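Before any comments, here is the structure.
The values are calculated or read from the model by the stated rules, or taken from the named source; none is laboratory data. These numbers come from a predicted model, not from an experiment. Virtual Cβ from ideal backbone geometry, glycine too; neighbours counted across all protein chains shown.
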Amino acid sequence: MSPLILSAAGAALLLDTGGQGLPRVRHFGAGLGPVAGPDLLPALAAPAVPLLPAQGDSWYGRPGLSGSRTGEHWPVRWTLDRLDAEATPGAGGTVTIAASDPRAGLELVSELAMDAGGLVTMRHTVTNTAATPYRLEGLTCALPVPERAAELLDFTGRWALEKVPQRRAFGHGVWSRENRRGRTGHDATGLLVAGTEAFGCRSGEVWAVHAGWSGDHVHYAERVHEGVALLAAGELLEPGEIILAQGESYRTPQVYFTWSGAGLDDASARLHAHLRAGRALPVRPVTLNNWEATYFDHGLDRLLELADKAAAAGIERFVLDDGWFRHRRHDRAGLGDWYVDEQVWPDGLHPLADHVRKLGMQFGLWFEPEMVNPDSDLIREHPDWILGRAERMPPPQRHQQTLDLARPEAYDYLLERLDTLVAEYALDYIKWDHNRDIAEPVHDGVPGVHAQTLATYRLLDELRRRHPGLEIESCSSGGARIDYGILARTDRVWTSDSNDALDRQAIQRWTGLLVPPERMGSHVGAPHDHVTGRSLPLAFRAGTALFGHMGVEWDLTSASESDLEELATWIALHKRLRPVLHAGNVVRADHPDPSALLHGVVLPERGVFGFVQLTSRVGSGAAPLRLPGLDPAALYEVRVAGPVPDGAAMPEWAATPVRLPGSALGELGLPAPALRPTSVLVIEVVKVAGCDMRSHADF
């Protein structure tokens with residue numbers, strides 16, 4: 001029987017559909033060219049991995065499906081009932097597989113798709129067909145990786161220092177990253193990557209998996225001694241969380257698989273393209289958030305002055321953060337009481353909102369809908385709405401508990417309050433926060449994270465349905481809820497609670513593997529950072545924020561006139577470069593100097609690069625700036641785009657625009673400037689119209 005092949009953008013997924021059971025995956029990786037016919041599969045050396053690995057398919061690693069029934073146990077052996085496929089060579093396609101095991105009392109539907117960018121998505125649905133309940137313990141999605149995938153990369157972190165990379169050898173056994181925090185987590189891996197030895201951003205072959213789920217989740221890599229390895233991910237279920245009665249089903253989150261033959265950048269580009277294709281975003285307005293400027297001080301005159309300064313600097317959206325609702329003079333009370341505090345705002349928020357709009361800015365508001373303070377009118381009236389056992393309060397964090405959104409009355413209350421406030425103030429934007437891990441979640445006597453996550457999704461979906469123009473940011477004490485489940489419902493993520501630009505360089509670099517720049521909130525913080533205490537120059541803070549969804553979180557009323565002028569210059573530069581920064585392919589050079597970074601965003605006609613000197617370099621000479629991602633056959637005009645950093649020793653090319661072919665810029669590079677630590681140089685390249693170096697043999 002001929003294999004089933006999905007192919008697009010140089011990637012391919014090959015399914016062996018012969019036999020009575022589930023198809024086996026024989027290959028996920030580089031495109032295979034015009035191969036077909038019954039002779040292909042016997043000739044392939046690649047081992048086969050069952051679509052849902054199980055011992056009945058001679059897989060002795062971690063099973064893809066695990067569960068039990070009281071009093072009897074039948075290992076699952078699937079019989080293929082139906083396979084529907086639509087595949088267009090070079091353009092991807094879809095596969096839907098239905099299978100069953102009457103003895104085990106289960107049915108399965110597996111859905112696979114490859115998009116035009118070569119990204120593979122997968123999800124499974126299992127249904128209990130027997131009269132006895134089925135206790136589902138786990139259901140994950142997996143694809144194989146070849147033996148040459150010798151290293152693993154994943155990410156850890158903490159509050160205000162997310163996405164810290166860690167690498168290790170991909171040996172025998174399971175490397176599992178499990179999250180039980182009730183949200184994606186500061187330490188969430190985001191992407192679990194397997195790759196050839198010493199792979200980098202622009203080199204090596206890599207495979208990666210991501211679970212698009214905002215609750216408890218698992219990502220794992222496994223290699224068995226038979227020579228087979230795989231990557232897998234899915235929801236992490238607690239015992240008793242999913243018990244299927246006859247006819248009931250469970251559907252996994254969407255799981256994303258990406259491959260690249262040219263390092264992490266290409267794998268990342270496939271993810272970015274998929275996310276961008278899902279929903280077109282309007283121009284991303286430069287945003288001011290008042291949190292680090294005023295905290296809980298909501299004096300109207302002070303906020304009006306802050307809005308004036310923001311508008312004068314070119315800011316396009318003003319967001320009022322925590323502190324506007326009843327009893328919220330500190331973080332120990334008021335969460336859940338979503339009414340404008342009449343004591344602080346006797347005329348409501350209208351005086352501020354109207355003033356902001358007269359200045360030409362949008363108006364947004366902060367909420368933390370899923371959390372409550374026990375010291376709140378809501379919980380005094382409804383103590384049973386807390387997610388947990390009524391007999392014992394869960395451990396507190398940040399003076400907060402979690403509101404049980406799966407309880408219809410709590411859900412209805414939140415929807416009514418949010419809907420009313422969005423309508424009354426014609427809100428353009430919501431910053432949706434989630435500031436604690438969920439501990440001991442119990443809903444109706446069973447573990448409650450699954451139901452809580454789905455209820456949150458429903459709430460977001462319904463709010464957007466009622467207010468189609470509303471934009472929503474996912475914040476979770478910084479970057480603790482960044483995944484494709486929440487990004488399907490929001491427009492932006494708050495990357496970290498740290499605005500320290502030095503830490504932000506790494507946080508944004510690695511978060512950006514999953515999230516494109518236009519969806520990564522990146523703010524210019526205060527001169528003296530509120531989290532780390534580090535003092536950094538404005539040019540470095542602004543040059544770091546430039547490469548994301550730019551914003552400001554700084555008390556501009558305390559800034560000098562020269563600082564305000566410099567900030568306005570950077571904001572104007574961001575607006576000019578925004579069409580590239582928020583639409584192009586992100587590139588990260590494998591720069592040989594560990595004291596510096598070189599990254600950029602490239603479109604066919606233009607590119608923007610940032611050369612970042614993090615610390616003092618060891619050598620007296622600097623490595624050249626080899627600009628990645630450019631068309632080698634095109635001629636480019638190269639210029640310095642932003643302010644020249646203080647104290648920089650600039651090379652000759654920086655004095656006036658020069659013209660060089662993409663091949664030379666990528667292979668030989670530009671002479672690097674000598675920059676002081678914590679400096680950014682912004683470089684712009686523009687393709688020269690009508691110049692194609694393919695006609696010049698010397699190049």
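Is it the case that region 133-152 has a residue that's part of a strand (DSSP E or B), more than 23 Å from the chain's Cα centre (by Cα) and over 30 Å from ALA480 (Cα atoms)?
So far as region 133-152 goes, yes, one or more of its residues are part of a strand (DSSP E or B), more than 23 Å from the chain's Cα centre (by Cα) and over 30 Å from ALA480 (Cα atoms).
Counting only residues that are in a loop (DSSP other than H, G, I, E, B) and hydroxyl-bearing (Ser, Thr, Tyr), which one in region 611-656 is surrounded by the most Cβ atoms within 10 Å (Cβ to Cβ)?
Across region 611-656, the extreme among qualifying residues is THR615.
Return yes when THR615 is among the polar types (S, T, N, Q), closer than 30 Å to SER535 by Cα and outside the structural domain of VAL515 (by TED's automatic domain parsing) and no when it is not.
yes
Here are LEU106, LEU112: which of them is at pLDDT 95 or above and more than 30 Å from ILE482 (Cβ to Cβ)?
So the residue among LEU106, LEU112 that is at pLDDT 95 or above and more than 30 Å from ILE482 (Cβ to Cβ) is LEU106.
Given the structure, is PRO63 loosely packed, with under 15 Cβ neighbours inside 10 Å, assigned by TED's automatic domain parsing to the domain that holds PHE28, not β-branched (Val, Ile, Thr) and not in a strand (DSSP E or B)?
So PRO63 fails the test.
Which of the residues spanning region 456-499 are within 17 Å of the chain's Cα centre (by Cα), charged (D, E, K, R) and more than 25 Å from ARG398 (Cα to Cα)?
GLU471, ARG489, ASP491 - these are the residues of region 456-499 that are within 17 Å of the chain's Cα centre (by Cα), charged (D, E, K, R) and more than 25 Å from ARG398 (Cα to Cα).
Test GLU162 against the criterion of being in contact with a Gly (Cβ under 6 Å, 6 or more places away or on another chain) and touching a residue at least 24 places away in the same chain (Cβ under 8 Å), and give yes or no.
yes
For every residue, the table says whether it meets (1) touching a residue at least 60 places away in the same chain (Cβ under 8 Å); (2) closer than 15 Å to ASP321 by Cβ; (3) assigned by TED's automatic domain parsing to the domain that holds TRP291.
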{"position": "TYR429", "(1), (2), (3)": "yes, yes, yes"}
{"position": "ASP433", "(1), (2), (3)": "yes, yes, yes"}
{"position": "GLN452", "(1), (2), (3)": "yes, no, yes"}
{"position": "TYR457", "(1), (2), (3)": "yes, no, yes"}
{"position": "ARG464", "(1), (2), (3)": "no, no, yes"}
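Collect the residues in region 174-221 that are within 15 Å of the chain's Cα centre (by Cα), among the polar types (S, T, N, Q) and over 15 Å from LEU513 (Cα atoms), keeping them in residue-number order.
Answer for region 174-221, where residues must be within 15 Å of the chain's Cα centre (by Cα), among the polar types (S, T, N, Q) and over 15 Å from LEU513 (Cα atoms): THR184, SER214.
Find all pairs meeting these conditions: Cβ atoms under 6 angstrom apart; at least six residues apart or on different chains; first residue within region 410-427 and in the same structural domain as LEU349 (by TED's automatic domain parsing); second residue in a helix (DSSP H, G or I) and among the charged types (D, E, K, R).
As it stands, the answer is ASP419/ARG466, since those pairs meet every condition given.
State whether the residues of region 218-229 include one that is part of a loop (DSSP other than H, G, I, E, B) and surrounded by 24 or more Cβ atoms within 10 Å (Cβ to Cβ).
No: region 218-229 contains no residue that is part of a loop (DSSP other than H, G, I, E, B) and surrounded by 24 or more Cβ atoms within 10 Å (Cβ to Cβ).
Report yes if LEU681 is touching a residue at least 24 places away in the same chain (Cβ under 8 Å), assigned by TED's automatic domain parsing to the domain that holds PRO594 and buried (at least 19 other Cβ atoms within 10 Å of the Cβ), otherwise no.
Spelling it out, LEU681 is indeed touching a residue at least 24 places away in the same chain (Cβ under 8 Å), assigned by TED's automatic domain parsing to the domain that holds PRO594 and buried (at least 19 other Cβ atoms within 10 Å of the Cβ).
Residue-by-condition table, conditions (1) farther than 26 Å from TYR60 by Cα; (2) exposed (fewer than 15 other Cβ atoms within 10 Å of the Cβ); (3) modelled with pLDDT of 95 or more:
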site: ALA169; (1), (2), (3): no, yes, yes
site: ARG177; (1), (2), (3): no, no, yes
site: ARG181; (1), (2), (3): yes, no, yes
site: THR184; (1), (2), (3): yes, no, yes
site: LEU191; (1), (2), (3): no, no, yes
site: ALA194; (1), (2), (3): no, no, yes
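Mind checking which residues of region 342-366 are part of a loop (DSSP other than H, G, I, E, B), in contact with a Phe, Trp or Tyr (Cβ under 6 Å, 6 or more places away or on another chain) and within 30 Å of GLN397 (Cα to Cα)?
Result: LEU349, single match.
Would you mind finding the one in ARG77, ARG123 that is surrounded by 15 or more Cβ atoms within 10 Å (Cβ to Cβ) and in a strand (DSSP E or B)?
The match here is ARG123.
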